[in-house]
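Taken together, the values in this text are just the output of simple stated rules run on the coordinates, not laboratory data. None of these values were measured; they are calculated from a predicted model. Please note: Cβ atoms are built from the backbone with ideal geometry, for glycine as well, and neighbour counts cover all protein chains shown.
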Amino acid sequence: MQPIQMRAVSLNTSSLSYKIRKQLRYGDKPWSGLLIGMAGLVVLLMFAIGLLIWNGSAEARLQAGLAFILPTLDASWNPITENYQAWPFIYGTLATSISALAIALPISLGIAVFLSELCPEWLRQPLGWMVELLAAIPSVIYGLWGIYIFLPQIVAPLGSLMSEVFGSLPALGLLFSGSIPESGQSRLAAALILSIMITPTIAAVTRDVLLAISSSQREAAFALGSTQWETIWQVLLPYGLSGILGAVILGLGRALGETMAVTMVIGNSIEGSASLLRPGYTMSSVIANEFAEAYNAMHTSALIYVSVILFILSVLINILARLMVWRVARQTPQEARA
Amino acid sequence: MITNQASANSLPLIRPEINYSRRKLANKLMLSFTGLLTLAALAPLVWIIGFVAIKGSQTITWAFFTQLPRPLGMAGGGVLNAIEGTLILTIIAAFFAIPPGILAAIYVADHPNTPLGASVRFSTDVLSGVPSIIVGLFGYALVVKTQGHYSALAGGLALAIIMFPIIVRTTEEMIKLTPRNLREGSLALGAPEWKTYLSVILPAAIKGIITGILLAVARASGETAPLLFTALGNERYEIGQIISSGIRSRQGVWSIFNRIIEQPVDSLPLTLFKYSQQPYPERVNQAWAAALVLIGIILALNIIARLWVNYSSSNLKGK
Amino acid sequence: MEINQSSRLTDKNRTHPFILSELDSQPQPSAQYPAFAPKEAEQIIIEIKNLSLHYGKFKALGDISMSIPQNKITAIIGPSGCGKSTLLRSLNRMNDLTPKVHIQGQILLDKVDILGANVDVVEVRRRVGMVFQRPNPFPKSIYENVAYGPRLYGIRKRLDLDNLVEYSLSQAALWDEVKDKLHQSGMALSGGQQQRLCIARALAVQPEVILMDEPASALDPVATLRIEELMHTLKKSYTIVIVTHNMQQAARVSDFTAFMMIDNPATRTGVLVEYDKTIKIFTNPENKQTEDYVTGRFG
């Protein structure tokens, strides 16, 4: 048998051609350089967004300072006199998001409990998928359905009912004072639609938290003679509390940033009333409505200043939520329920 | 305090019959309540999709898909500009989001505990929580302001930022799911890392990655807020016309391409939004029809992604 | 202190829907394995008659009959996979939690068939408590862990709960160790302490029978010994049924022993091979398979 002929390859490692050939053959350095570059891009992007809006808001920040965001009873938003106070928008965002959370919480808990504890095995995936589908519907379509169907048929009558029932109560009445416009455009409408939109988020995470709880906890509770509800309410939900809290905060984060559906149903006015039944305005809505036709550079800067507040709020809440959900993921014992 | 022996008889005796029926009632009530709440939550789903289907189908005609909008107040016309706009925007967004997304995900999957890896994870979380309107502002500041005009490019970039975190997250998870020995086997044969990834790992994870891409596309195609001040909208946009007029006036490929991506464009959700605000019933009807098309596309993407998931997970198990 | 509860079951003035079912006149002996009853005149608290259990198509337990005497410790031993835990879990209907389970036969608790249609599972589980292989205290304080059960039954007064908690923890030989830290988390205790906490928790609802599924297998030898001592004390007031893979433990601790095995490798159904006083099983068993197992020739 013939010996294998070795091809003579130059071993001169300092020659340029060798270096080039080596890179082409292995290409590890360019590859990891590429990876690091792309990874760096992600981090850069996050900083870039923050930086850009910070800079863009410089003019307004210098002029309006912190008074921009402070609560005030008669706020103005006047591009002509350049008197900008963002409190109505901040209030609108917070009021609608927190109300949406209050409405969505029991419903999401109910769904999560049903899907993880009560639902028959074969129904679990299809139902879970349908709940996820709620999250896939675009915001504009929620808005469209809101304007022409949900508001006239449900929100407007509900609003009139609420103003009758709650309007005259001592403290709570402030939230329900005044009457809801005929069109139904109000903070209530925004809160209701937002609650539908964030329910899938909270429900899905809560369901996962419950499913991850080891079955030994359930067994312990049942072996003591608990009913199913007692097990869920007194053992499982307290066990998963921090994860559920994380889910709730995640939902809050989503509600804060929602733009289109809210813009279409909230009425877009800075009336001055704190009532849920009256039209309002949110931070994202004012940006969406006014930015393209901003009056001048200061107006633009003021709007970007609003976006800075919104950005900081969303990012903080998002980080808080992730921390809580991560904490639960690390805490759950080895044996998870199949 | 009591001792073991004495007064053991003063211990309360457990008598289940005291609150037995109350416990059973509470149990039945609350459990049925959760079922009810689930139905209540799913009701809007059926309601919305139902109404969109009913109202939208009343206005869907062949012309709807193939014509540009008619002037305000006139009946008829279609949303071809929006459909093509959505297409272009999605292509641009995919172009900018997918390669960097996959590469960044590979880095994170390989080096999860380095400072850069942790930062990427953190940034992905933060990015996914940024309100879409702010993404639009970013796109405006970065592209529109510097170029001096609205464009599909700006809109596509904004949508890319929205798609990005989704792609990074799903790709990272899919890569982590591929068995370790695939990678080790390839490296042991002397293959460089880039080849290992391109020929071995990515093909193994491809179905999951495609699922992630489909879901990201579904999400991006439904976004409106980022496009409000980047793509802006354009009722005269029609790619066929651009290409044919470009050929007729002998413009180069590059300039035709430019004319396609450097104009403002409409998208289905954007058109939907604008029409819904207008006082003309024909426009509102078309908004419903556009909603139907949009939901159709998104549902289709979600269903395909689901089927991919089932297919891919059973594939992985087979290995 | 003995809390005598058997009388309540037959109390006709009771409105509790733990309904009496019709009793069969005679137990039906199965074809291969005769029904077992201890030969001495013990008071029987649980009687298992022709119990068969299927998980879907798989027959896990084959026609088991035995009588469990009151205030004694009965051990169930056998090689792994022979259905010991399944049998144990049938006694408090914990197998209901597993999907696709079919049970045939009867399990009579104080002469009432707990597998009957009208029987309330919640009450069964109160009377037949269970301690698991891995301690599973709730993520609550020690006090709240023990008070969980009594609270379910409407006991709200602070004094009552305090007394019950102290009594249960004393019975579980844990009171002295935790009496100063009742409000610390139950999960902060050591493994052996957690298991005794679980025992105290089970005792707090005043059961008649305590089932123990390999209670010491996750514990170190010192903790194991304490649990075994505890069992001797507890059997004065309660009936104990223990599943263990540790033969020496069964020999040390139990009065009666049941030996189970797989009938054949094809079907892998668990059957009861022999059941008698522990002394007999370990020194002079009737069945050759029993003898092989206890002398360590297999298993």
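For chain C, a Gaussian network of Cα nodes joined below 10 Å ranks C:Tyr238, C:Tyr148, C:Tyr275 by mean-square fluctuation, and the top entry is C:Tyr148. Once divided by 2.2 N^0.38 Å, the Cα radius of gyration of the range C:59-113 becomes 1.18. Computed over the range B:193-255, the Cα gyration tensor eigenvalues convert (square root of 5λ each) into semi-axes of 36, 22, 10 Å, ordered from largest to smallest. Shown for chain B: lysine pairs separated by 8 or more places, or found on different chains, whose C-alpha atoms are under 26 Å apart, numbering 11. Ranking B:Ser32, B:Gly148, B:Leu294 by how far each Cα lies toward the positive end of the dipole of chain B (charges on Cβ) leaves B:Ser32 at the top. As an exercise, use a Förster radius of 30 Å and the Cβ-Cβ distance of B:Ser32 and C:His102 to find the FRET efficiency, rounded to the nearest 0.05. The computed FRET efficiency comes out at 0.65.
Each label point was placed 7 Å from the Cα along the Cα-to-Cβ direction; for B:Asn19 and C:Lys288 their separation is 6.0 nm.
The helix-only estimate of mean residue ellipticity at 222 nm for chain A, built from DSSP H runs of length n ≥ 4 each weighted as -39500 (n - 2.57), is -20500 deg cm²/dmol after division by the residue total. Extension gain for B:Ile91 to B:Ala188 (0.36 nm times residue separation, less C-alpha to C-alpha distance): 31.1 nm.
Note on the protein assembly as shown: antiparallel DSSP beta bridges, both residues inside, total approximately 60 percent of the bridges counted. Comparing mean-square fluctuations of B:Arg219, B:Arg250, B:Arg121 from a GNM of chain B with C-alpha springs under 10 Å, the top value falls on B:Arg250. Direction-averaged projected area, Cα convex hull, the range A:31-121: 12.1 nm², rounded to one decimal. Modelled label positions at C:His54 and A:Leu174, each set 7 Å beyond Cα in the direction of Cβ, lie 6.7 nm from each other. Contact order, relative form, for chain C: 25 percent (alpha carbon pairs under 8 Å, 6 or more residues apart, mean separation divided by residue count). The slack in the chain from B:Leu198 to B:Arg259, taken as 0.36 nm per residue of separation less the alpha-carbon distance, amounts to 18.5 nm. Sorted ascending by nearby beta carbons within 10 Å, beginning with the fewest, A:Thr96, A:Thr199, C:Thr267 become C:Thr267, A:Thr199, A:Thr96.
Legend: P(r) of the range B:11-96 from all alpha carbon pair distances, 10 Å bins from 0, whole percents, reading 13, 19, 19, 15, 11, 9, 8, 5, 1. Between the residues B:Ala191, A:Gly159, B:Ser244, the greatest Cα displacement towards the positive end of the dipole of the protein assembly as shown, with unit charges on the Cβ of Lys, Arg, Asp and Glu, is found for B:Ala191.
Peptide B:29-36 is shielded by partner chain Cβ atoms: per residue, an average of 6 of them sit within 10 Å of its Cβ. Calculated on C-alpha atoms, the gyration radius of the range A:89-331 divided by its Kirkwood radius gives an Rg/Rh of 1.03.
Modelled spin labels at B:Phe122 and B:Leu299, positioned 7 Å past Cα toward Cβ, are 4.3 nm from each other.
Comparing the protein assembly as shown with the 2.2 N^0.38 Å rule of thumb, its C-alpha radius of gyration ratio is 1.17 (two decimals). In terms of Cα atoms, the Rg and Dmax of chain C work out to 19.2, 58 Å. Overall, the protein assembly as shown carries a charge dipole of about 1700 debye about its Cα centre when +1 sits on the Cβ of Lys and Arg and -1 on the Cβ of Asp and Glu, all other atoms neutral.
Axis angle, to the nearest 10 degrees, between helix B:115-129 and the longest C-alpha principal axis of chain B: 80 degrees. In whole angstrom, note down how far apart the Cα centers of the range C:235-252 and the range B:167-244 are. The distance from the Cα centre of the range C:235-252 to that of the range B:167-244 comes to 60 Å. Legend: residue pairs C:Lys157/C:Lys181; C:Lys59/C:Lys100; C:Lys235/C:Lys277; C:Lys140/C:Lys181; C:Lys49/C:Lys84; C:Lys84/C:Lys111, Cα-Cα distance threshold 18 Å; pairs beyond threshold, C:Lys157/C:Lys181; C:Lys84/C:Lys111.
The convex hull defined by the C-alpha atoms of the range C:163-299 has an orientation-averaged projected area of 9.8 nm².
For the range C:155-235, the residue among C:Ser190, C:Ile227, C:Leu169 whose Cα projects farthest onto the positive side of the dipole built from Cβ charges is C:Leu169. Scattering from the C-alpha atoms of chain B alone, worked out with Debye: what is log10 I(q)/I(0) at q = 0.13 1/Å? With no solvent term, the Cα-only Debye profile gives -1.06. Once both axes come from the Cα atoms, what is the angle between helix C:221-234 and the longest principal axis of chain C, in degrees from 0 to 90, rounded to 10? The angle comes out at about 90 degrees.
Along chain A, counting only trypsin sites (Lys or Arg not before Pro) with a DSSP assignment other than H, G, I, E or B and at most 15 other Cβ atoms inside a 10 Å radius, the longest segment between sites is A:8-336.
Relative to the longest principal axis of the Cα atoms of chain A, helix A:28-56 runs at roughly 20 degrees. Taking Cα centre as origin and charging only the Cβ of basic (Lys, Arg, +1) and acidic (Asp, Glu, -1) residues, the dipole magnitude of the range C:42-294 rounds to 620 debye.
Return the tail of the calculated pair distribution for the range B:147-282, meaning the percent of Cα-Cα pairs more than 25 Å apart.
More than 25 Å apart: 51 percent of the Cα pairs in the range B:147-282.
Compute the whole-percent fraction of alpha carbon pairs in the range A:171-242 spaced more than 17 Å apart. Beyond 17 Å sits 62 percent of the P(r) for the range A:171-242.
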